[in-house]
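Below: the structure, in structure tokens.
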Amino acid sequence: MQNLSTAFNNFPQLTTENLILRETTLADAPAVFQIFADDKVTKYHDLETATSLEQIQLLIERRMERFKNQQGIRWGIARKEDNVIIGSCGYGIKNRFQAEIGYELARGYWRKGLMTEALKAIINWGFHQLDLNRIEAFVMLENTASIKLLENLKFVEEGLLREYGFWKGQFHDLKIFSLLKRDYSNPV
């Protein structure tokens, strides 16, 4: 178990059966652009669909800065066979023992179990390396795939947050889910 400051000394690389979870760099911008340029990927995301590589470069730089400032960590999800980024997942740090999980995956990799594989690895890391007590997720009501994913990972739905989010010019009702360390059994 590390404390927050030592966990953020060097970007941790995690590996799973099929994936490498690693730091995303500016060299990955073309692959990340392909993900965020897809309206179906960004449909439930608080980011607009990307229209330029510059937008993605700023996103990557923002994520790098958040890690440096110990505000969050976002792993690039890469295929083991070629190390190409196909999505991302990570945490926004809320306080010493609590973080919000987020993720997205290129459409060609949906429903193959890859996000479940990636999230199991970062949940394990969050509870054991960051010593988190609570991991939260906020999901738009219509995002049934994400809701099912969280339920399969044993997150508990806690309720409805009416007009909690505002992006893409409108308010959004969100469901809040949580996973507590005491309820977690290491599935990795």
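The values are calculated or read from the model by the stated rules, or taken from the named source; none is laboratory data. Being a predicted model, the structure only gives us computed values, none of them experimental. Here the Cβ positions follow ideal geometry from the backbone for every residue, glycine too, while neighbour counts run over all protein chains shown. The protein model used for the area step is the full one, side chains on, heavy atoms only, and it has no ligands, DNA or RNA in it. Shrake-Rupley method; radii C 1.70, N 1.55, O 1.52, S 1.80 Å.
One table, with the values for the structure above:
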item: Qualifying residue in the range 41-60 (condition: open to solvent by 60 Å² or more (accessible area, probe 1.4 Å), within 22 Å of LEU180 (Cα to Cα) and in contact (Cβ under 8 Å) with a residue 60 or more places away in the chain); result: no
item: Count of the range 97-145 residues which are polar (S, T, N, Q) and in contact (Cβ under 8 Å) with a residue 60 or more places away in the chain; result: 3
item: The range 75-110, residues that are at pLDDT 95 or above and among the basic types (Lys, Arg); result: ARG79, LYS80, ARG107
item: Residue count for the range 65-83, restricted to those that are over 14 Å from the mean Cα position of the chain (by Cα) and surrounded by 14 or more Cβ atoms within 10 Å (Cβ to Cβ); result: 1
item: Pairs where the first residue, in the range 72-93, is in contact (Cβ under 8 Å) with a residue 24 or more places away in the chain and the second is among the acidic types (Asp, Glu) and part of a loop (DSSP other than H, G, I, E, B), C-beta under 9 Å, 6+ apart; result: LYS80/GLU17
item: Some residue of the range 91-105 being open to solvent by 10 Å² or more (accessible area, probe 1.4 Å), more than 23 Å from TYR164 (Cα to Cα), touching an Asp or Glu at 6+ places or on another chain (Cβ under 8 Å) and aliphatic (A, V, I, L, M); result: no
item: Residue list for the range 66-79, restricted to those being of a type in the set (A, V, I, L, M) and not in a strand (DSSP E or B); result: none
item: Test: residue in the range 159-166 that is part of a helix (DSSP H, G or I), touching a residue at least 60 places away in the same chain (Cβ under 8 Å) and of a type outside the set (Ser, Thr, Tyr); result: no
item: Top-ranked residue in the range 147-188 [being under 20 Å from ASN124 (Cβ atoms) and hydroxyl-bearing (Ser, Thr, Tyr); ranked as nearest to the chain's Cα centre (by Cα)]; result: SER178
item: Residue ID - nearest to ARG62 (Cα to Cα), chosen from residues in the range 80-132 that are of a type in the set (Phe, Trp, Tyr) and part of a strand (DSSP E or B); result: TYR91
item: Close pairs from the range 10-29: first closer than 17 Å to LYS120 by Cα and open to solvent by 50 Å² or more (accessible area, probe 1.4 Å), partner at pLDDT 95 or above and acidic (Asp, Glu), Cβ under 7 Å, at least 6 apart; result: GLU17/GLU117; ASN18/GLU117
item: Yes/no for LEU161 being in contact with a Phe, Trp or Tyr (Cβ under 8 Å, 6 or more places away or on another chain) and surrounded by fewer than 15 Cβ atoms within 10 Å (Cβ to Cβ); result: yes
item: Matching residues, the range 99-126, being over 17 Å from THR42 (Cα atoms) and either aliphatic (A, V, I, L, M) or touching a strand residue (DSSP E or B) at 6+ places or on another chain (Cβ under 8 Å) (or both); result: ALA99, GLU100, LEU114, GLU117, ALA118, LEU119, ALA121, ILE122, ILE123, TRP125, GLY126
